[in-house]
Amino acid sequence: MTAAQAPRQAMGRKIVNAIASLGMLYLFAPIVVIVLFSFNQPKGKFNIVWQGFTLDNWRRPFAVPELTDALLVSLKVAFFSTLIATILGTMIALALSRYKFRGNGAINLFLVLPLTSPEVVLGSSLATLFISRGVDFGYVTVVIAHVMFQVSFVAVTLRARIRGFDWTLEQAAMDLGASPQRAFWRITFPLILPGITAAALLSFALSIDDFIITFFNAGSLVTFPLQIFGASRVAIPPQINVLATMLLLGSVLLMVGGVILESRKQRKTLAVTKTRK
Amino acid sequence: MDVNDPVVALDHVHKKYGSFTAVHEANFSIGRGEFFAMLGPSGCGKTTTLKMIAGFEQPTSGRVLLEGQDVSQVPPHKRNVNTVFQQYALFPHMSVFDNVAFGPRSKKLSDSEVKKRVTEMLHVVRLDEFSERKPAQLSGGQQQRVALARALVNLPSALLLDEPLAALDLKLREAMQIELKRIQREVGITFVFVTHDQGEALTMSDRIAVMSEGRVEQVGTPENIYARPESLFVAGFIGSANLLPGVIASSGGELVVELQGGNKIAVLANNVAPGASHETGGRVTVMLRPEQISLGQQGDITVRVTDSVFQGSSVRVVGRMNDNTEITALVSVDPSHKTPAPGDNLYMSWHPQAPYVLDGWPDTAGSNSTNVDSIEATL
């Protein structure tokens, strides 16, 4: 490196850093605003202009009962739909990556359809199906609707995660006297569990988040996004921001927890290597 | 080791995938305590045969017997055999101890019994210090030992090894060959070992089954297979051989085979492979191992040296006979004699016991190209 190049490189690095910072700002500004406005003291019903700092909203996060109810509905729906979708999606991913069978390609195609089709189409056609079958809208229809797209999501992400999984490990387990069930639960399952957990967490977020498909199939059931949308014409209470911030904190905590767990495991194995050497 | 007390027996085992026959009428047995190799080029059906013994594949017809019991339809986890997989298939999320303990725990042995057995077996494979490590923290050779211990701790009737040394580098491979023999002697368990490396099979095994294109060509001791191959394939695949096609010129007592160029080679009557022609005019191939040929000033057949490669303890001399047939000789380095050089015209001679006759010609056997290839590969 010549002397002239050094300052130019430093300059280049500064520019890159500046662009990266702008990118981060773009990504995080809305989140910062949400968190910030949970501490706002709005005049009137719309929490959109900064008035002054207060902790009142956080003291009374459940002050708007419709909003709290809607959040509970969303959490309940997300819990059950994620549970069902994770089990089904995991089984689909395992079957697809493990066996070659007739119809493999067709299933692959059908699997990505719910992810690539417009939600309006999915939501409305599912609603048509429910109406023509005479199914009453409510929890069940919303859970079914969510499972529909979550299954695809879990199966596709998990299949990507377990590509290259060494299936001879299962053979080895059976060779050592383990029944196929024991081989799965002791060997395969623990090894793919991180993938399953990641897929489940993401699809949980998808369920909480979903508006369009839910809108078509909810009937009188009101989920968190539906409630916010419906109420936004009348009022935007700061509790929306408080509850949203709570959700955000919850998911951040889950992520941080996962990272810490992983690094602790690594440190443990590293420590073993050191003492053994 | 007792060949008459079979631990594993294949009774006319046939395996087809659709219209493709992977294993054709395999029919042999493996004795208690034997170190047995299944040897052949890739795609010869040796691994399929191993999988049928392990239980991962079922024979299309025929029976697999384990300790005299027909286990053809018994799933792997209910067979008392264990496998060492090619890539070891160690459980990455478990420590060495838990890997080795997996089998005994599957059989619901008590904790104290599990601990006793695992500790013992880790001692046999000399990994006492490594029980708490994860497989990823071990070297290739150590992983191999864990795989061995994990299989042997179950005290199987037979241990199946699928190309166990293929993943190791040359030096480690040679060390592990000796190590495998030691462990086998120590535990006294039957080892069934699949390999494509004829050198490995020759050095390690008590007996070898040579396979080609789904067929078991020959089963025998290394010495037997090397000296008395029963087919052209075996002759070409095991070691290196000069395979000289010819016609029987006279029979009765010893055979005289006339080669294509008119040279004649005498073959003792007991040096004829089973099934080879004894009739005058019959098409046969004479096998001469390179190390059996001496080059000098006396002999019946002349050879013009085209190439001479110094190999330390010996010199590999390549020459051509009068009909241009290539011939290879391995001669020892003798300071009192001049080393054959390209252009020399020398006479070939050999011990009368050396020439050995096989049925057919490499051409008519339909596998000339494979023979030539494998000869060249082993040279």
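Among the residues making up segment B:211-225, those that are touching a helix residue (DSSP H, G or I) at 6+ places or on another chain (Cβ under 7 Å) and open to solvent by 10 Å² or more (accessible area, probe 1.4 Å) are B:Ser212, B:Glu217, B:Pro222. One residue is enough: does segment A:205-213 have a residue meeting the conditions without any contact (Cβ under 8 Å) to a residue 60 or more places away in the chain, more than 21 Å from A:Ile84 (Cβ to Cβ), away from every other protein chain (no Cβ under 14 Å) and not charged (D, E, K, R)? No, because not a single residue in segment A:205-213 is without any contact (Cβ under 8 Å) to a residue 60 or more places away in the chain, more than 21 Å from A:Ile84 (Cβ to Cβ), away from every other protein chain (no Cβ under 14 Å) and not charged (D, E, K, R). Among the residues of segment A:23-68, which ones are small (Gly, Ala, Ser), farther than 18 Å from A:Val234 by Cβ and open to solvent by 60 Å² or more (accessible area, probe 1.4 Å)? Once the filter is applied, which keeps residues that are small (Gly, Ala, Ser), farther than 18 Å from A:Val234 by Cβ and open to solvent by 60 Å² or more (accessible area, probe 1.4 Å), segment A:23-68 yields nothing. Within segment B:2-23, the set of residues being under 21 Å from the mean Cα position of the chain (by Cα), among the hydrophobic types (A, V, I, L, M, F, W, C) and open to solvent by 50 Å² or more (accessible area, probe 1.4 Å) comprises just one member, B:Val3.
For B:Glu57, indicate whether it is touching a helix residue (DSSP H, G or I) at 6+ places or on another chain (Cβ under 8 Å), surrounded by fewer than 21 Cβ atoms within 10 Å (Cβ to Cβ) and under 30 Å from B:Arg215 (Cα atoms). Taking the combined requirement at face value, the residue satisfies it.
On the basis of being over 16 Å from B:Ala37 (Cα atoms), open to solvent by 30 Å² or more (accessible area, probe 1.4 Å) and over 12 Å from the mean Cα position of the chain (by Cα), does B:Val247 make the cut? Yes; evaluated as a whole, the condition is true for this residue. So, in segment A:138-159, of the ones that are among the small types (Gly, Ala, Ser) and crowded, with 21+ Cβ neighbours inside 10 Å, which residue ends up nearest to the other protein chains (Cβ to nearest Cβ)? Residue satisfying both the conditions and the ranking: A:Ala155.
To keep it simple, each residue is scored yes or no on (1) crowded, with 23+ Cβ neighbours inside 10 Å; (2) touching a strand residue (DSSP E or B) at 6+ places or on another chain (Cβ under 8 Å).
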site	(1), (2)
B:Ala158	yes, yes
B:Leu172	no, no
B:Glu179	no, no
B:Gly188	no, no
B:His196	no, yes
B:Ser205	yes, yes
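Just one of the numbered conditions (1) of a type in the set (A, V, I, L, M, F, W, C); (2) closer than 30 Å to B:Lys108 by Cβ; (3) modelled with pLDDT of 95 or more is not true of A:Val143: (2). Total residues in segment B:152-204 satisfying the condition of being of a type in the set (S, T, N, Q) and more than 14 Å from the chain's Cα centre (by Cα): the figure is 4.
Is it the case that some residue within segment A:69-80 is among the polar types (S, T, N, Q), over 30 Å from A:Trp167 (Cα atoms), modelled with pLDDT of 90 or more and more than 27 Å from the chain's Cα centre (by Cα)? No, segment A:69-80 contains no residue that is among the polar types (S, T, N, Q), over 30 Å from A:Trp167 (Cα atoms), modelled with pLDDT of 90 or more and more than 27 Å from the chain's Cα centre (by Cα).
Here B:Phe193 meets each of (1) part of a loop (DSSP other than H, G, I, E, B); (2) closer than 17 Å to B:Gly45 by Cα with one exception, condition (1).
Would you confirm whether or not segment A:160-171 contains a residue that is open to solvent by less than 20 Å² (accessible area, probe 1.4 Å), within 14 Å of another protein chain (Cβ to nearest Cβ) and part of a helix (DSSP H, G or I)?
Looking only at segment A:160-171, we keep the residues that are open to solvent by less than 20 Å² (accessible area, probe 1.4 Å), and these are A:162, A:169-170.
Pick out the ones that are also within 14 Å of another protein chain (Cβ to nearest Cβ) and you get A:162, A:169-170.
The next check asks that each one be part of a helix (DSSP H, G or I); those that pass are A:169-170.
Yes.
Residues that are within 21 Å of the chain's Cα centre (by Cα) and hydroxyl-bearing (Ser, Thr, Tyr) within segment B:70-87 comprise just one, B:Thr83.
Is at least one residue of segment B:7-14 in contact (Cβ under 8 Å) with a residue 40 or more places away in the chain and within 14 Å of chain A (Cβ to nearest Cβ)?
For segment B:7-14, residues in contact (Cβ under 8 Å) with a residue 40 or more places away in the chain and within 14 Å of chain A (Cβ to nearest Cβ): absent.
Of the residues making up segment A:200-210, at least one is within 30 Å of A:Phe62 (Cα to Cα) and touching an Asp or Glu at 6+ places or on another chain (Cβ under 9 Å). In segment A:172-181, of all residues being assigned to a helix (DSSP H, G or I) and hydrophobic (A, V, I, L, M, F, W, C), the one that is farthest from the other protein chains (Cβ to nearest Cβ) corresponds to A:Ala173. Suppose we filter B:Val257, B:Val309, B:Val333 for residues that are more than 29 Å from B:Glu213 (Cα to Cα) and open to solvent by less than 10 Å² (accessible area, probe 1.4 Å); which single one remains? Criteria check complete, one pass: B:Val257.
Of the helices (runs of 4 or more DSSP H) lying entirely inside segment A:30-123, those carrying at least 2 residues that are closer than 19 Å to A:Leu249 by Cα are A:56-59, A:65-98. For A:Phe137, the test of being under 30 Å from B:Gly55 (Cα atoms) and of a type in the set (Phe, Trp, Tyr) is failed.
Of all the criteria given as (1) part of a strand (DSSP E or B); (2) under 30 Å from B:Leu50 (Cβ atoms); (3) open to solvent by less than 10 Å² (accessible area, probe 1.4 Å), the one not satisfied by B:Gly236 is (1). When segment B:262-281 is filtered for residues that are open to solvent by 30 Å² or more (accessible area, probe 1.4 Å) and under 21 Å from B:Ile293 (Cβ atoms), the ones remaining, listed by number, are B:Gly262, B:Lys264, B:Ala266, B:Leu268, B:Asn270.
Does B:Thr47 count as in contact (Cβ under 8 Å) with a residue 60 or more places away in the chain and more than 17 Å from the chain's Cα centre (by Cα)? No.
Please specify each residue of segment A:172-185 satisfying the condition of being closer than 21 Å to A:Thr197 by Cα, open to solvent by 20 Å² or more (accessible area, probe 1.4 Å) and not aromatic (Phe, Trp, Tyr). Lay out the reasoning, then the answer.
Step one: list which residues in segment A:172-185 are closer than 21 Å to A:Thr197 by Cα, which gives A:181-185.
If we keep only those that are open to solvent by 20 Å² or more (accessible area, probe 1.4 Å) as well, we get A:181-182, A:184-185.
Correct list: A:Gln181, A:Arg182.
The values are calculated or read from the model by the stated rules, or taken from the named source; none is laboratory data. From a predicted model like this one, the values you see are computed outputs, not experimental measurements. Heads up, the Cβs are rebuilt from the backbone with ideal geometry, glycines too, and the neighbour counts pull from every protein chain shown. Just so you know, the surface numbers come from the protein's heavy atoms only, side chains and all, with ligands and any DNA or RNA stripped out. Shrake-Rupley method; radii C 1.70, N 1.55, O 1.52, S 1.80 Å.
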